[in-house]
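Novice: I have a structure I would like to understand better, so I am pasting it below and will then ask my questions one at a time.
The values are calculated or read from the model by the stated rules, or taken from the named source; none is laboratory data. None of these values were measured; they are calculated from a predicted model. Neighbour counts run over all protein chains shown; Cβ positions are idealised from the backbone, glycine included. All accessible areas refer to the heavy atoms of the entire protein, side chains included, with ligands and DNA or RNA removed. Shrake-Rupley method; radii C 1.70, N 1.55, O 1.52, S 1.80 Å.
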Amino acid sequence: MKFNRFSLCFFDVLGFETRFSDLGLHGVLQKYVALIGLVNARNEHMRRLFGEMGFSESAYWTSDHDAFIFSQLYGAYASDSLLVWTHTDFPAARYPAALDLTPAERQKRASEPGDGWQYHPIPCDNLLDVCNEMICHTLEIGLPLRGALALGEAVLHSERGVYLGQPLIDAARMEHSQRIIGASFTRSFMNQIVPQRYLVPFDSHLKDVRDGLFQGNILDWPRHWRATRKTNAREVIRTLNTLPSATAYYDNTLRMIDASDAREGMFDGPEETRICSAYSQFSPPELSLRARAVRRIPVINREK
């Protein structure tokens, strides 16, 4: 049996039992629904912009000669856990469309300058952007998240409530092995291009520095905070640090913010943020994207 690949982030709410006791069932449910609403809002935003125009999950030219990636996000929650995921592969490279493709045939198609992009992983920017926003928003509403990102074959079916696969196992293990607010990258997630602006080299938060799952970086949500909020993330972290048993988590988070600040201004230039620059499969001169000229898509972020 063949399975599709997914890129995902598994989150756990730090200090969930205490926060559940304080907020109650109704209070926690409202916050969870709002968090998954961030995923739904991003999808709805894309549908409003492109649904009536017949856009499907694919890549498209923009009027400024870059590419725009239209991809679907999914989210679910249970007890103290949240899951966000997206397909790793474009429809042409998924099952059942790619059912009979051998690895060699996939590689050959991926090397084609015109349509090879369909056989490379979908750029992960959309998933990482919403994970950044979820981490930032949960800090604002008092539900700090600890998570991990992984990639691999899985069965993720929200309507049937089925969530199975190695990336889930890896992300859950990685999530549990760290003391920090944020999301660590597993080695499997790096089986795709991840732009530098999403990465902070940091390992002081690991319970076991020998953890073979850890890739060496954590998601740079403080960069997203600086770009979308006027408040000081450090003050928010200090305000939430009310549980003596969790002090190490908050101290490590403050150190990670320092590491992110040291990279401020790096990787934010036009060449680093353009899809065609960050992902070489979209830049060959022979490229023939199934495209329509569209204006650059507005990012769903809060204004400064």
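Novice: Checking the conditions here, which among 216, 265, 269 is open to solvent by less than 50 Å² (accessible area, probe 1.4 Å) and at positive phi?
Specialist: Selected residue: 216, the only one of 216, 265, 269 that is open to solvent by less than 50 Å² (accessible area, probe 1.4 Å) and at positive phi.
Novice: Given the conditions (1) closer than 22 Å to residue 121 by Cβ; (2) open to solvent by 20 Å² or more (accessible area, probe 1.4 Å), report the number of the one that residue 173 does not fulfil.
Specialist: (1)
Novice: Can you tell me which residue within segment 223-257, out of those that are charged (D, E, K, R) and open to solvent by less than 80 Å² (accessible area, probe 1.4 Å), is farthest from residue 67 (Cα to Cα)?
Specialist: Here is the first cut: in segment 223-257, the residues charged (D, E, K, R) are 223, 226, 229-230, 234-235, 238, 251, 255.
This time we only want the ones that are open to solvent by less than 80 Å² (accessible area, probe 1.4 Å), so: 223, 226, 229, 234, 251.
Numbers: 223: 23, 226: 25, 229: 27, 234: 35, 251: 40 Å.
Restricting to residues being charged (D, E, K, R) and open to solvent by less than 80 Å² (accessible area, probe 1.4 Å), the top hit is 251.
Novice: Scan segment 229-237 and tell me whether some residue there is in contact (Cβ under 8 Å) with a residue 12 or more places away in the chain and within 21 Å of the chain's Cα centre (by Cα).
Specialist: yes
Novice: Return the pairs, sorted by first residue and then second, in which the second residue is of a type in the set (Val, Ile, Thr), the first residue lies in segment 103-122 and is at pLDDT 90 or above, the beta carbons are less than 6 Å apart, and the residues are 6+ apart or on different chains.
Specialist: 121/88
Novice: Show the residue pairs that are 6+ apart or on different chains and have beta-carbon atoms under 6 Å apart, the first residue being within segment 129-142 and free of Cβ contacts under 8 Å to residues at least 40 places away in the same chain, the second being assigned to a loop (DSSP other than H, G, I, E, B) and buried (at least 21 other Cβ atoms within 10 Å of the Cβ).
Specialist: So the pair list comes out empty.
Novice: Continuing with the same structure: Does residue 135 satisfy being in contact with a Phe, Trp or Tyr (Cβ under 9 Å, 6 or more places away or on another chain), at pLDDT 90 or above, crowded, with 19+ Cβ neighbours inside 10 Å and farther than 17 Å from residue 224 by Cα? Quick ask: steps written out before the conclusion?
Specialist: Values: in contact with a Phe, Trp or Tyr (Cβ under 9 Å, 6 or more places away or on another chain): yes; at pLDDT 90 or above: yes; crowded, with 19+ Cβ neighbours inside 10 Å: yes; farther than 17 Å from residue 224 by Cα: no.
No; evaluated as a whole, the condition is false for this residue.
Novice: How many residues are at pLDDT 95 or above, in a strand (DSSP E or B) and surrounded by 14 or more Cβ atoms within 10 Å (Cβ to Cβ) if we restrict to segment 187-207?
Specialist: Within segment 187-207, residues that are at pLDDT 95 or above, in a strand (DSSP E or B) and surrounded by 14 or more Cβ atoms within 10 Å (Cβ to Cβ) number 2.
Novice: Within segment 153-163, does at least one residue satisfy the condition of being part of a strand (DSSP E or B), acidic (Asp, Glu) and open to solvent by 50 Å² or more (accessible area, probe 1.4 Å)?
Specialist: Filtering segment 153-163 for residues part of a strand (DSSP E or B) gives 153-157, 162-163.
Retained after the next criterion (residues that are acidic (Asp, Glu)): 153.
Remaining after also requiring open to solvent by 50 Å² or more (accessible area, probe 1.4 Å): 153.
Checked against the condition, which is being part of a strand (DSSP E or B), acidic (Asp, Glu) and open to solvent by 50 Å² or more (accessible area, probe 1.4 Å), segment 153-163 yields at least one hit.
Novice: Restricting attention to segment 70-85, and to residues there that are assigned to a strand (DSSP E or B) and either surrounded by fewer than 21 Cβ atoms within 10 Å (Cβ to Cβ) or touching a His at 6+ places or on another chain (Cβ under 7 Å) (or both), which single residue is modelled with the highest pLDDT? Let's see the steps before the verdict.
Specialist: Initial filter on segment 70-85 (assigned to a strand (DSSP E or B)): 70, 74-78, 81-85.
Subset that is either surrounded by fewer than 21 Cβ atoms within 10 Å (Cβ to Cβ) or touching a His at 6+ places or on another chain (Cβ under 7 Å) (or both): 70, 74, 76-78, 81.
Values: 70: 78, 74: 84, 76: 77, 77: 71, 78: 68, 81: 79.
Only one residue tops the list, namely 74.
Novice: Taking only segment 272-286 into account, find how many residues are open to solvent by less than 30 Å² (accessible area, probe 1.4 Å) and among the acidic types (Asp, Glu).
Specialist: Residues meeting the conditions: 0.
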